[in-house]
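For reference, the structure discussed in these notes is given below.
The values are calculated or read from the model by the stated rules, or taken from the named source; none is laboratory data. None of these values were measured; they are calculated from a predicted model. In this analysis, Cβ positions are derived from the backbone assuming ideal geometry, glycine residues included, and neighbour counts consider all displayed protein chains.
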Amino acid sequence: MLSAGVLALVGCGTKTSSMSSPDIEKAVAKTLSGMSLEDKVGQMVQINLTVLGKGTGADFVLDEDALNKVLVDSRVGSILNCPDEAVSPQRWQEILAAIQERAIGVNGIPVLYGLDHIHGCTYVTGSTLFPQDVNVGASFNPELARRAAEVTAYESRACSVPYAFSPTIDLTRIQTWPRIWENFGEDPLLNTRMGLAAVAGYQGEDYNHIDQNHIAVSLKHYMGYGGPVSGKDRTPSSITKPDMREKYFAPYKACAQAGALSIMVNSSANLGDAPFHCNHEYLTEWLKEDLGWDGVLITDWADVNNLYTREMVAKDKKEALKIAVNAGIDLIMEPYAVDACDLLKELVEEGEISKARLDDAVSRILRMKYRLGLFENPLQKFEDYPLFGSFDSESLASAKEGIVLLKNEGALPIKEGKKILVCGPNANSMRALNGGWSYTWQGNADKFSQDYNTVYEALAKRFGSSNVVLNNGVKWDETTADWQAETIGNIASVVAAAKASDIVVACIGENSYCETPGNISDLSISKGQQELLKALENTGKPVVFVIIGGRPRIINSFVEGADAIVDAFLPGNNGGDAIAALLSGDDNFSAKMPYTYPKAVNSLINYDYKPSQQSSTMSGAYNYSADASSEFPFGYGLSYTTFEYSNLTASAESFTPATSELKFTVDVKNTGSVAGKEAVLLFSSDLVASINPDNRRLRDFTKIELQPGETKTVEFTLKPSDLAFVGTDGKWRLEEGDFRIQAGDQVLMINCTETKIYDTPNI
C-alpha cells in the first residue's frame, strides 16, 4: 500500500524531504573511510554485462579474464543490461552470484545491478509483462501504476536484480518522438501522479530500508527529453525556462521528494542551455541543493562520451568526465570500456575533480547500496519468491483499463454469432502488442510469448474459431532489421473475405521499436495500411479500427468511414485478451487519451496550447488560419454507457493566496444501461495573465465506478498555489483575476483577488 506521505503527494502535492537515516549515514562513512582512490572511482562506473562474457541469451557465459579486468583490476561497482535477450530467473541468479562473489571478494562492496524492467521484468523469461506506461497513463488510475511496479519489483528480486531503469516520466510533447509509449502522457500532473505511484510500488514504504521484495528506481530522463524540436530521439529540445520549471521538472521534483533513489539524465540538451550531462544548474542546483535530494544521478548510455563526440563541449573524454562529474553526475554508464576509471583517478589526482565531489558521488552510490540492503543480502533465493510469474490476471485487468474507445457508431460491442474478419499487420502479432523493451531491446517478443493470445487468437477464442477469419492483407516484413518494412499481400482476397463477413476488425498501427531506431520523419500510417483501409471502407461492411502502436499515426482520411475506432497502444502479453473482452462487451472501456492525437502531420499541438495558437481566419492581405485542431483531444474517451455531469460547485467564488484550500464538487451519473468507470478530470484556465496563459491545465483527477442510474459526488481539493505559473523571471506567480474551472461539460468561474510572487523556486 502507499504510505501516508506518498498518498499525500499523490493527492495534493504535499512536499517531503528525502533524508537518509543515521544508521545508513554511519555505514556509508565507515565504508568510505576504508576505500582507496581506485575503489572510489570504480564505484562511479557502470559497465555493460556483455563486456563480462560471450554468447546470447541462454548461451551467455561469463569470462574469467573479463571478470577480473572489470571487477578486480578496475573495481567497477555497477553492471547493467542483459545478454541481448531475456534469460530465466535461475540463469540470472547464476550470473549475479558469480558477479557479486568476485566484486565482494575484492573490497567487500557489492555490485549494483540494473535492468531496463520497463513494463514488468522485461528481460526475464516467464515473468509478468504489464501494459506499457502509455496504457497506464490512459487508465488515469495510479493504483495500476503502483501495482505493476510492485509486481515488477518482486519478480526482479526473485532474480537478485535490485535496480530498474524505470519509471519514465518525461512529458510526451512531440508526437513523432519514438519514446512516447514509455511515458504516462503529455501532462505534468498525470506523469507526477503515476510516477509517484510507481516509485511507491517499486521501492516500498521506506526508501531508507528497502526490503527484499522491492527495488530501487531510476527516474528518467531528466528532463525535457520528450520535447525534441526534431521529434527524434536524443536530439535537443527548445523549452523555455518557465515551462522547464513549471511542467517538465514537476514529476521529477515530486518523485525525488518522495525518495526516488536515482535519476537518469537526458541524453541531449535544451537549446540555449548547457547539455544536461554537464548542466550544473539543472543537476546540482535544482535537484540536489534546492530539494536536498541525496540520491544518485546516473548518465544514460555512454552519454558522457557524447559531450565530446556530439555535443562538442569537451575536447576529449577526460574533459567530458571532468565537466560531467563537476556538474553533478555521480554514476557513469560507460557500457563498453573501463578507461573512465583511470581517467577519473587522474582527474582527482590533478585536482580537476575535488576530493569532496568524489566523496559526495561515492557516498551517494554507497547510500543507495545500503538502502537496498545489498551489503547484507546481495543475493536472493528464487525459491523464496513462489508467486513469480503468477500475476497475469492483474496484467489483463490493467490492459483492459488502458485501452481507449475513440469512436463507435453502433458497431461495438460485437454481437454473438457474427462472422468476423481480422486483418492488418498487427492482427496476429505478439511483438506489436508488447512493443519495445520486451524480452529484447527492440521488442522481438513473438518467440517468448507463445503462451499468450494475439488479437486474432483472442477473438477466435471468444467468438469461436468458425466465426473468425484471419487475412492480414498487410504484414510486417520480419526478414529485415527495418521495423517499418511491410509486405502487401492480395488485397482483393481481403475484400472478398470482408464481404463474406458481418464485421471487419482491422488491426493497424506500428511494429515494435525502441529508442533511436524508432525515429521517423512522417507520422502518416504506412502505405500498405492506407491501401488496405481504403479497400475495406469500400466494401460497405462495418469496419472497426484497432490501433496498436507506440505513438499516434495519422488516420484522418479514414476516420469518417470507420464505424468504430479503438486505440490499444501497447497493452502487453495479455493485450489480445483485453481487446477481445472489450470488443465483445464482456468488459467496458474506461480509458482516456493521455496525449493529443493529431489530425495531420503538420498539426502537432498539446492540449495546454496558448490561446494565441488558435485564431479564426483573418480577412484581407494577411488571410490565414491558425486552428489548434486535433483528431482526438487529451482526456477524450468513450464508453458503452453514458455519464452526465451536473452541479459543479466551488467552496468560494473568490480567494486569495492565503486561502487554505479550494474545494470543488461535481455530480456524475451513469445514465446508460451498463456499469462503467469514469475518469473525472478537473481543468482550470487562467483567463488573463502577465505572460500568455495556457489554454487549460489538468489540476486533479480521480476514477470512479458507477452502476446504471447511480450518481456519485466527486470532490477535488486544490491549494491556491496549484493555480500559479512560472513567470519570465523564474518565479512562481499567482495573479489576481478570473479562473475558469471545468469538469465534464460543467463550467464555473472563480476569482483571485490578490497577486502573490513566491520567493522559493519550489512551491
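Here are a few things to note about the model shown:
- Residues located in region 398-427, provided they are free of Cβ contacts under 8 Å to residues at least 60 places away in the same chain and within 15 Å of residue 458 (Cα to Cα): 416
- Only one of the listed residues (559, 494, 546) is farther than 21 Å from residue 601 by Cα and not assigned by TED's automatic domain parsing to the domain that holds residue 175. That residue is 494.
- Filtering region 657-670 to residues that are hydroxyl-bearing (Ser, Thr, Tyr) and exposed (fewer than 14 other Cβ atoms within 10 Å of the Cβ) leaves only 660.
- Residue check for residue 356: of a type in the set (Gly, Ala, Ser), surrounded by fewer than 21 Cβ atoms within 10 Å (Cβ to Cβ) and over 22 Å from residue 163 (Cα atoms): yes
Rundown of residues vs (1) surrounded by fewer than 22 Cβ atoms within 10 Å (Cβ to Cβ); (2) over 34 Å from the mean Cα position of the chain (by Cα); (3) modelled with pLDDT under 95, yes/no style:
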| position | (1), (2), (3) |
| --- | --- |
| 466 | yes, yes, no |
| 484 | yes, no, no |
| 498 | no, yes, no |
| 508 | no, no, no |
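- Set side by side, the residues 185, 195, 201 differ, and just one is under 16 Å from the mean Cα position of the chain (by Cα), at positive phi and in contact (Cβ under 8 Å) with a residue 12 or more places away in the chain, which is 185.
Residues are listed down the side, and each one gets a yes or a no for (1) in contact with an Asp or Glu (Cβ under 9 Å, 6 or more places away or on another chain); (2) among the small types (Gly, Ala, Ser):
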| site | (1), (2) |
| --- | --- |
| 52 | yes, no |
| 57 | yes, yes |
| 60 | yes, no |
| 64 | no, no |
| 72 | no, no |
| 84 | no, no |
| 97 | no, yes |
| 105 | no, yes |
| 124 | yes, no |
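- Considering residues of region 468-482 that are among the hydrophobic types (A, V, I, L, M, F, W, C) and surrounded by 14 or more Cβ atoms within 10 Å (Cβ to Cβ) only, the residue nearest to residue 578 (Cα to Cα): 468
- Of residues in region 534-562 being of a type in the set (D, E, K, R) and closer than 22 Å to residue 138 by Cα, the one surrounded by the most Cβ atoms within 10 Å (Cβ to Cβ): 551
- Screening region 325-424 for helices (runs of 4 or more DSSP H) wholly inside it with 2 or more residues that are in contact with a Phe, Trp or Tyr (Cβ under 6 Å, 6 or more places away or on another chain) returns the ranges 392-401.
- Residues in region 102-119 that are in contact with a Pro (Cβ under 9 Å, 6 or more places away or on another chain) and over 17 Å from residue 46 (Cα atoms): 2 in all.
- Residue within region 458-473 that is closer than 19 Å to residue 84 by Cα and touching a Phe, Trp or Tyr at 6+ places or on another chain (Cβ under 6 Å) present: no
- Filter result for residue 28 (at pLDDT 95 or above, under 19 Å from residue 335 (Cβ atoms) and either assigned by TED's automatic domain parsing to the domain that holds residue 151 or of a type in the set (A, V, I, L, M) (or both)): no
- Qualifying residue in region 675-687 (condition: part of a loop (DSSP other than H, G, I, E, B) and small (Gly, Ala, Ser)): yes
- Count of region 683-705 residues, restricted to those that are over 28 Å from the mean Cα position of the chain (by Cα) and crowded, with 20+ Cβ neighbours inside 10 Å, is 1.
- Condition met for residue 585 (in contact (Cβ under 8 Å) with a residue 24 or more places away in the chain, over 28 Å from the mean Cα position of the chain (by Cα) and surrounded by fewer than 24 Cβ atoms within 10 Å (Cβ to Cβ)): yes
- Qualifying residue in region 558-571 (condition: out of contact with any Cys (no Cβ under 9 Å at 6 or more places or on another chain) and free of Cβ contacts under 8 Å to residues at least 24 places away in the same chain): yes
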